[in-house]
1. Filter the trypsin sites (Lys or Arg not before Pro) in the stretch 172-269 to those in DSSP coil with at most 11 other Cβ atoms within 10 Å of their Cβ, and list the result.
2. Which number do you get for Rg(Cα) / (2.2 N^0.38 Å) in the stretch 36-147?
3. For the stretch 93-148, which trypsin sites (Lys or Arg not before Pro) are both in a DSSP coil and crowded by at most 10 other Cβ atoms within 10 Å?
4. Please list the three semi-axes, largest first and in whole Å, of the ellipsoid equivalent to the stretch 196-269, using sqrt of 5 times the eigenvalues of its alpha carbon gyration tensor.
5. Under a plain spin-label model, where a point goes 7 Å from the Cα along Cα-to-Cβ, how far apart in nm are E3 and L172?
6. Have a look at T116, T135, T47 and tell me which one the Gaussian network model of the chain (Cα, springs below 10 Å) gives the largest fluctuation.
7. If you split all Cα-Cα distances of the stretch 132-227 into 10 Å bins from zero, what percentages do you get per bin, shortest first?
8. How many nm is it between the label spots at T190 and R151, if each spot is 7 Å from the Cα in line with the beta carbon?
Amino acid sequence: MTETRYAISAFNTAFESENRIHDDGVAQKFGFEGGLVPGVDDYAYMTRAALLLLGPDFLTRGHMTCRFDRPVYDGETVGVIGETTADHGVDIRIEARGSTAATGTARLTEAAALPTPDVAGFPTGPMPSHDERPTAGPESLPEGRRMGTLRETIDAATHAQYLKDVREEHPLYAEAGLVHPGFLLRRANTILRDTVRLGPWIHVGSAIQHLGTLSVGSTLETRAVVSRLYDHKGHGFVELDVLLIGEGSKPVASIHHTAIYEPRQIRAA
């Protein structure tokens with residue numbers, strides 16, 4: 001078994017986000033100590049372990065699942081531990097305040113076994129204006145619903161700031177000009193937020209299959225379809241299947257994304 005350990009000073013990149021679960025005052029009303037560091041950033045912290053233990057191939061054909069069980073707070077020092085497994089994978093966890101806050105499992109998918117995404121199954125669609133977004137719920141998020149399409153160009157200055165914000169110290173991204181996998185996962189949050197109107201909400205886990213690298217300066221398109229909408233323990237959950245396409249036609253990642261779109265505390269209010 002090979003192990004890597006490193007410490008990160010967590011940073012809440014979403015203090016000013018529309019999602020007020022990242023605001024100290026709102027989060028405390030939900031029983032948290034303060035605003036939550038976004039789960040997509042916890043994932044970013046963990047991907048360094050996958051890169052160190054699996055090598056650069058993780059960015060082209062790595063598969064990783066992640067789950068966020070306890071909050072990570074702004075300014076606290078967290079430990080990230082990655083350990084290789086007997087089946088050539090990597091188990092990764094974030095330790096915060098003496099307990100496990102997040103877990104992940106990473107592995108390399110054999111090149112011959114990489115899935116070929118059904119791009120036609122992710123048709124493009126218009127994105128509503130900010131003020132015209134419908135409220136998240138069964139009517140706006142029915143299973144099979146096509147989300148609005150996000151189109152952007154990955155700006156070098158924006159990506160450099162992202163690397164700083166997620167405390168990324170691996171030199172590969174800056175030296176090779178490659179987009180960080182956490183930057184890609186963040187798009188799954190963005191497409192949900194930009195398609196429907198949400199109150200405080202929580203990203204609880206994802207499964208990501210990387211299909212190829214994307215260079216800074218490239219165009220990126222995010223498409224998504226609602227795969228499941230359900231209630232569990234009083235919360236309203238939504239699951240999305242997300243496809244990221246670079247430079248117009250190159251699939252770079254497929255994501256299964258799970259979030260609590262309506263916490264039970266909101267329903268009980």
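1. Here the sparse-neighbourhood loop sites are K233.
2. Ratio of Cα Rg to 2.2 N^0.38 Å: 1.36.
3. Values: sites: R93, R97, R107, R145, R146; in loops: R97, R145.
Sites meeting the loop and neighbour criteria: none at all.
4. 30, 12, 9
5. 2.3 nm
6. T116
7. 13, 42, 30, 13, 1
8. 1.5 nm
Read-outs throughout are calculated quantities, based only on the coordinates presented, and are distinct from any laboratory measurement. Keep in mind that what you see is a predicted model, and the values were worked out from it rather than measured. In this analysis, Cβ positions are derived from the backbone assuming ideal geometry, glycine residues included, and neighbour counts consider all displayed protein chains.
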